[in-house]
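Asker: The structure under discussion is supplied below as structure tokens; questions concerning it will follow.
The values are calculated or read from the model by the stated rules, or taken from the named source; none is laboratory data. Quick caveat: nothing in here was measured; it's all calculated off a predicted structure. Don't worry about glycine lacking a Cβ; one is built from the backbone with ideal geometry, like all the others, and counts go over all protein chains shown. The protein model used for the area step is the full one, side chains on, heavy atoms only, and it has no ligands, DNA or RNA in it. Shrake-Rupley method; radii C 1.70, N 1.55, O 1.52, S 1.80 Å.
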Amino acid sequence: MITVNNRDKLEWHDGMTIRDVLNSMKYNYSLIVVSVNGKPIHLDDYDILKIPDYADVKVIHIMHGG
Amino acid sequence: MLEILRHKTIGIAGCGGLGSNSAVALVRAGIGSLIIADYDTVEESNLDRQYYFRTDIDKFKVDVLSEHLLAINPDVEIIAHNIELTPAIIPKIFGNADILIEAFDAAENKKWLIETWTKYFPDKPIICGNGIAGYGETDKLKVIKMGNIYFCGDEQTDSSIGLFSARVAIVANMQANVAIEILMERAK
């Protein structure tokens, strides 16, 4: 089981990637920053990095304004 | 504290509401050097929240912001780049900074700046403004840490609902405050 944004729980499976998490959560907004266990994950690694079981995943949506 | 900050350099990408106000806070705190970058000129519509004056209209932001910062503290070093930032030039422009403050307007630009900075300088913090629009709801403003990425704001509001000076300046000062906190903690 992994935790997303401190509230949602997702069943973990072997080989689970960031892309799998985003799809499961129906996060289709592309302007996001993702971390796994506190470590930021680059866009290039969304389909590569394997998420460990019990991971703490955070997805931050980037908002306009400056 | 002043002795520590006097030897530090902070980069500020963008000199709008977040960038101009955080620059003022950092100079007042005694930062030694700022690297600022923007390609825009001051417009009348900027005066509702950015640290500029009516006499600055039509002048380049980096030029007039440099003047204002030096008027606060003539000893601060201001390295100003009148340039449109792109991923390719970020390392050259801000490579000497100890910390980068993200102060862009468009979310697309914020995204590539975070990706670029963390790729080239994974050990150097980047402090972003995220969710600064509207008014009130001060209690919803917070700092979220993600490794060396810090997000200041409410993480929800978008500029489409309007940007107001008070809330923008609060977040700009939060960014400056986080930068000072990081520099002081790392100096221990």
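Residue-by-condition table, conditions (1) surrounded by 23 or more Cβ atoms within 10 Å (Cβ to Cβ); (2) at the interface with another protein chain (Cβ under 7 Å from one of its Cβ atoms); (3) in contact (Cβ under 8 Å) with a residue 40 or more places away in the chain:
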position: B:PRO122; (1), (2), (3): no, no, no
position: B:GLY129; (1), (2), (3): yes, yes, yes
position: B:ALA133; (1), (2), (3): no, yes, no
position: B:ASP139; (1), (2), (3): no, no, no
position: B:PHE151; (1), (2), (3): yes, yes, no
position: B:THR157; (1), (2), (3): yes, yes, no
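Asker: For segment B:49-94, how many residues meet the condition of being free of Cβ contacts under 8 Å to residues at least 24 places away in the same chain and not in a loop (DSSP other than H, G, I, E, B)?
Answerer: 12
Asker: Name every residue in segment B:164-177 that is in contact with a strand residue (DSSP E or B) (Cβ under 8 Å, 6 or more places away or on another chain) and not β-branched (Val, Ile, Thr), in order of residue number.
Answerer: B:PHE164, B:ARG167, B:ALA172, B:MET174, B:GLN175, B:ALA176
Asker: Would you check if B:ALA25 is closer than 23 Å to B:ILE182 by Cα and part of a loop (DSSP other than H, G, I, E, B)?
Answerer: Judged against the criteria, B:ALA25 is not a match.
Asker: Would you call B:THR116 of a type in the set (Ser, Thr, Tyr) and crowded, with 19+ Cβ neighbours inside 10 Å?
Answerer: yes
Asker: Could you please find all residues in segment B:139-169 being within 17 Å of B:GLY14 (Cα to Cα) and in a helix (DSSP H, G or I)?
Answerer: B:SER159, B:SER165, B:VAL168, B:ALA169, listed by residue number.
Asker: Something else now. So which of B:PRO74, B:PRO87, B:PRO91 ends up being within 16 Å of B:ALA13 (Cβ to Cβ), open to solvent by 30 Å² or more (accessible area, probe 1.4 Å) and away from every other protein chain (no Cβ under 14 Å)?
Answerer: Selected residue: B:PRO91, the only one of B:PRO74, B:PRO87, B:PRO91 that is within 16 Å of B:ALA13 (Cβ to Cβ), open to solvent by 30 Å² or more (accessible area, probe 1.4 Å) and away from every other protein chain (no Cβ under 14 Å).
Asker: Another question about this same structure. Cβ-Cβ distance below 7 Å, separation of 6 or more or different chains: which pairs start in segment A:25-41 with a residue that is facing chain B (nearest Cβ under 9 Å) and end on one that is hydroxyl-bearing (Ser, Thr, Tyr)?
Answerer: A:PRO40/B:THR118
Asker: Please give the number of the condition B:VAL24 fails out of (1) in contact (Cβ under 8 Å) with a residue 60 or more places away in the chain; (2) away from chain A (no Cβ under 14 Å); (3) within 29 Å of B:PHE164 (Cβ to Cβ).
Answerer: Answer for B:VAL24: the failing condition is (1).
Asker: Is it the case, given these coordinates, that B:ALA29 is modelled with pLDDT of 95 or more and over 15 Å from the mean Cα position of the chain (by Cα)?
Answerer: no
Asker: May I ask you to list the residues in segment A:42-66 that are within 11 Å of chain B (Cβ to nearest Cβ), open to solvent by 60 Å² or more (accessible area, probe 1.4 Å) and of a type in the set (A, V, I, L, M, F, W, C)?
Answerer: A:LEU43
Asker: Does B:GLU137 qualify as being closer than 28 Å to B:THR41 by Cα and of a type in the set (Asp, Glu)?
Answerer: no
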